[in-house]
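Working notes for the structure below.
Derivation of every value follows stated rules applied to the coordinates shown; laboratory data play no part. If you're wondering where the values come from, they're calculated on a predicted model, not measured in any experiment. Methodologically, a virtual Cβ is constructed for each residue, glycine included, from the backbone with ideal geometry; neighbour enumeration extends over all protein chains shown.
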Amino acid sequence: MVGNLVQGAVFTVMVVRAGMLRDPAFEHELAEQIRLSPRFFLNAPVVLDLKEAAGFAHEAEFAEAREILRRHTLTLIGVQNATPAQLDAAAGSGLASFAPNAPQPSRSPPREPTRSAAAMPAAAAKTRLVTQPVRSGTQIFARGADLVVTAAVSPGAEIIADGNIHVYGALRGRALAGAGGDVEARIFCSRLEAELVSIAGHYLVSEQLPPEQHGFSVQIALVDERLTVTRN
Amino acid sequence: MAGKVIVLTSGKGGVGKTTSAAAFAAGLSLRGHRTVVIDFDVGLRNLDLIMGCERRVVFDFINVINGDAKLNQALIKDKRNDNLFIFPTSQTRDKDALKRDGVERVLGELKDSFDYIVCDSPAGIEHGALTAMYFADTAIIVTNPEVSSVRDSDRIIGLLASKSRRAEFNLEPVAVHLLLARYSPERVRKGEMLSIEDVKEILSIPLLGVIPESESVLRASNTGTPIVFDEESPAGRAYHDAVARFLGEQREMRFLQPERRGFFRALFGRA
């Protein structure tokens, strides 16, 4: 039965060399990278590579590493290339041990970072589909996914997606695409009558929307940090 | 007998819920269905006035919920129609007295002896309105042709789809109908009111009827006579039509003028 409960999965995980953590230039560069694609890095799992790294034999040092990464929205989940002493301290800090070349504690089945799976960005997020009208007062959030609504979105309703938003009906409420910061996200609707549209935090309220596009089938994109509305 | 629970609700106040509940219940009873109309507006008791039975109220809905009175002690039989009963509410208590299990028990008893249980919901989206809609099989959304009423109705339709008993237990959804009240063709033509098409377009639920704005409604309320008993009144006839459609008959919409460019377009269609 256990075989059914424990399943294997393969994840892409960032590896950070332990030595770099203490380099101020690295933190600066990391911050720059994250600024460019905040969604990708949000709560992303990180493995600390201890190859040829001095220290890290105490739990406090892992706590510090975890704190540095946390500042950049990253989550430390494990170590690799650890010495036995480092591995002990890492295990004491609740960190997993990753291959290659790590002395693995004998166990079967092999290491399984499934506990942290929830924190990982899904490889291919499923689109959230809504087929009923989105009524006033309702809020729909497609976390880490696109949102498709095949009915009208009423005034006073709010639809939010980390990805793109498609409304195959009148968009009369608020639509916020790229909620996690994705500047590439777009909003498509077959009738623009929105109260507010927003992409990656840039927004326009209905007064600011071009009146000549009102009631038309449009798409809204972020171009040079400005929301642009174009007729479909 | 397993009666059907119909709730008349709107979100917004003053749109004509109580008038419509009284008219609808009376209309059903005139067509031979045993009908009771319940006032859920605890603390703001009005239904008994509209039904003209305010001097006969002894026990009320809350007394029955609390077990202080029996159902047949509280039900008031209408003087005009043997099939119609009024179940008044308390004027001294508040909405918190509407305990869900008590309401469920009372509705269960009523279902045994009535075809239709018409619930007149209070305004708002708080406990009173939520309790009134919770057990509904069918909802009639009373809306006026103006933007705030339509938006509140939209909100209520959303709540019916998520907060009703049928929604919570994954049963067949509450059937939702639209009753457009206080419709003035004249004002629609002037662009001061939303047109029927505008309202239908936003709410996208089937239209049960359109009740024209009429002096006779106020007169009927003041005399405690449900408007359906006034055969001369267009509003009364419009309610009769709505009841007939509710029971599955096909009837043409009456008392409407040809449509022009409506208020909604005028407001939002700036192009």
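Which Rg and Dmax, in Å, describe the Cα atoms of the range A:37-97?
11.5, 36
Give me the extension gain from B:Glu186 to B:Asn72: residue separation times 0.36 nm, minus the current Cα-Cα distance, reported in nm with one decimal.
Net length gain for the segment: 36.4 nm.
What number do you get for the protein assembly as shown when its Cα radius of gyration is normalised by 2.2 N^0.38 Å, N = residues?
In units of the globular-protein estimate, the protein assembly as shown measures up at 1.32.
Would you mind getting the Kirkwood hydrodynamic radius of the range B:136-268 from its Cα pairs, rounded to one decimal in Å?
Hydrodynamic radius (Kirkwood, Cα pairs) of the range B:136-268 is 15.8 Å.
Taking a cut-off of 12 Å, what percent of all Cα-Cα pairs in the range B:114-166 are separated by more than that?
That fraction is 65 percent.
Looking at the square roots a ≥ b ≥ c of the eigenvalues of the Cα gyration tensor of the range B:70-120, which shape do they give, rounded for a/c under 1.5, prolate if a/b is larger than b/c, or oblate?
Here the range B:70-120 falls in the oblate category.
If you take the Cα atoms of the range A:124-174, find Rg, then find the Kirkwood Rh from the mean of 1/r over all pairs, what is Rg/Rh?
That ratio equals 0.94.
Go through the range A:153-232 and name the GluC sites (Glu not before Pro) that are in a DSSP coil and have 13 or fewer other Cβ atoms within 10 Å of their Cβ.
Loop-located and lightly packed - A:Glu225.
Among B:Lys99/B:Lys200; B:Lys4/B:Lys79; A:Lys126/B:Lys163; B:Lys4/B:Lys99; B:Lys17/B:Lys77, which pairs are too far apart, with a Cα-Cα distance over 25 Å?
The answer is B:Lys99/B:Lys200; A:Lys126/B:Lys163.
In the range B:130-234, what GluC sites (Glu not before Pro) fall in a loop by DSSP, with at most 12 other Cβ atoms inside 10 Å?
B:Glu231, B:Glu232
Mind checking the log10 I(q)/I(0) for the range B:58-159 at q = 0.20, 0.23 Å⁻¹? Debye, one equal scatterer per Cα, no solvent, two decimals.
At q = 0.20, 0.23 Å⁻¹ the computed log10 ratios are -1.10, -1.30.
Evaluate the range A:168-217: find the radius of gyration of its Cα atoms, find its Kirkwood radius, and give the ratio Rg to Rh.
With Rh from the inverse mean 1/r over Cα pairs, Rg/Rh is 0.96.
If you take all C-alpha pairs in chain B, what percent of them are over 32 Å apart?
Counting pairs separated by more than 32 Å, the tail of P(r) holds 19 percent.
Just going by the charge dipole of the protein assembly as shown, with Lys and Arg at +1 and Asp and Glu at -1 on Cβ, which of A:Leu69, A:Gln132, A:Leu21 is farthest out on the positive end?
The Cα lying farthest towards the positive end belongs to A:Gln132.
Where does the range A:121-232 land on the Kirkwood hydrodynamic radius, alpha-carbon pairs, in angstrom?
Value: 13.4 Å, from the Cα pair sum.
Rounded to a whole number, what is D in µm²/s for the range B:16-68 from Stokes-Einstein with the Kirkwood radius over alpha-carbon pairs (37 °C, 0.692 mPa s)?
In µm²/s, the coefficient rounds to 273.
Could you size up the charge dipole of the range B:69-210 around its Cα centre, putting +1 on the beta carbon of Lys and Arg and -1 on that of Asp and Glu, and report it in debye to the nearest 20?
Charge dipole, the range B:69-210, about its Cα centre: 300 debye, nearest 20.
Note the per residue figure in Å³ for the convex hull of the C-alpha positions in the range B:143-194.
Output value, Cα hull per residue: 63 Å³.
Compute the relative contact order of chain B as a whole-number percentage, counting only Cα pairs closer than 8 Å that sit 6 or more residues apart in sequence.
Relative contact order, chain B: 24 percent.
Please report the Cα spread of the range B:11-112 along all three principal axes, rounded to whole Å, starting with the longest.
So the three principal-axis extents are 33, 32, 25 Å.
Please compute the Cα-Cα pair-distance distribution of the range B:219-259 with 5 Å bins starting at 0, giving whole percents from short to long.
Using 5 Å bins, I get a P(r) of 6, 23, 24, 22, 15, 9, 2 for the range B:219-259.
Just tell me how shielded B:149-162 is by partners: mean number of partner chain Cβ atoms within 10 Å of each residue's Cβ, no decimals.
5
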